Amino acid sequence: MKSSIKTINVVAALITDGKRVFATARGYGNYKGWWEFPGGKIEAGESPEEALAREIREELESEISVDEYIDTIEYDYPEFHLSMRCYWCSLISGDLVLKEAEDAKWLDAGTIDSVKWLPADITLFEKIKKRMAW
């Protein structure tokens, strides 16, 4: 039953350069080493867009433009329910320096399936492939 499981509200950035999308490997927790789109939790008083820009500044030392809302993914993990607001984003400045993730890659049509993705993030693949015209 969903009522006994906590909900975690997060935001995720699908940072693209038009042909590829940026992904990071988690550096901690139960899903350490699994791949995801970067982002994080929304803090009190922040809009999802503000939270996403802040998280990317903190985790990747980069500035992004939060361009377009994609979807909110609702996914039940064994330990919690994830509600993840996802946005198309573009890099304004910075070198995507890894502060928390253990690895990162730009992935394209031929490589997006080459890493072990978190299940919630996989649900975005069809939208990514359509957007990128892969």
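Computed from the coordinates by the stated procedures, all read-outs in this text should not be read as laboratory data. The shown structure was predicted, so the numbers you read here are calculated from the model rather than taken from an experiment. Backbone-built Cβ (ideal geometry, glycine too); neighbour counts: all protein chains shown.
The table for this structure:
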item	result
Dipole magnitude of region 1-124, debye to nearest 20 (Cβ charges: Lys/Arg +1, Asp/Glu -1, about Cα centre)	360 debye
Cross-link reach list, lysines versus Lys6, counting only Cα pairs under 20 Å and skipping chain neighbours closer than eight places	Lys41
Antiparallel content of DSSP bridges confined to region 2-132, in %, to 5	70 percent
Sites Lys127 and Asp76 - FRET efficiency at Förster radius 25 Å, r taken between beta-carbons, to 0.05	0.80
Taking Ile56, Ile8 and counting other C-beta atoms within 10 Å, the order from fewest to most	Ile8, Ile56
Rounded FRET efficiency, nearest 0.05, which uses the C-beta distance separating Leu98 from Trp134 and R0 of 25 Å	0.45
All-pairs alpha carbon distance profile, region 2-132, 10 Å steps from 0, percent	13, 46, 36, 5, 0
Positive dipole terminus of region 2-132, leading residue within Ala120, Leu96, Pro38 (C-beta point charges)	Ala120
Environment charge at Asn30 (Cβ cut-off 13 Å; Lys +1, Arg +1, Asp -1, Glu -1)	0
Kirkwood Rh in Å, taken over region 24-66 so that all alpha-carbon pairs contribute	11.2 Å
Computed lengthening from Glu61 to Arg20, 0.36 nm per intervening residue step minus Cα-Cα distance	12.8 nm
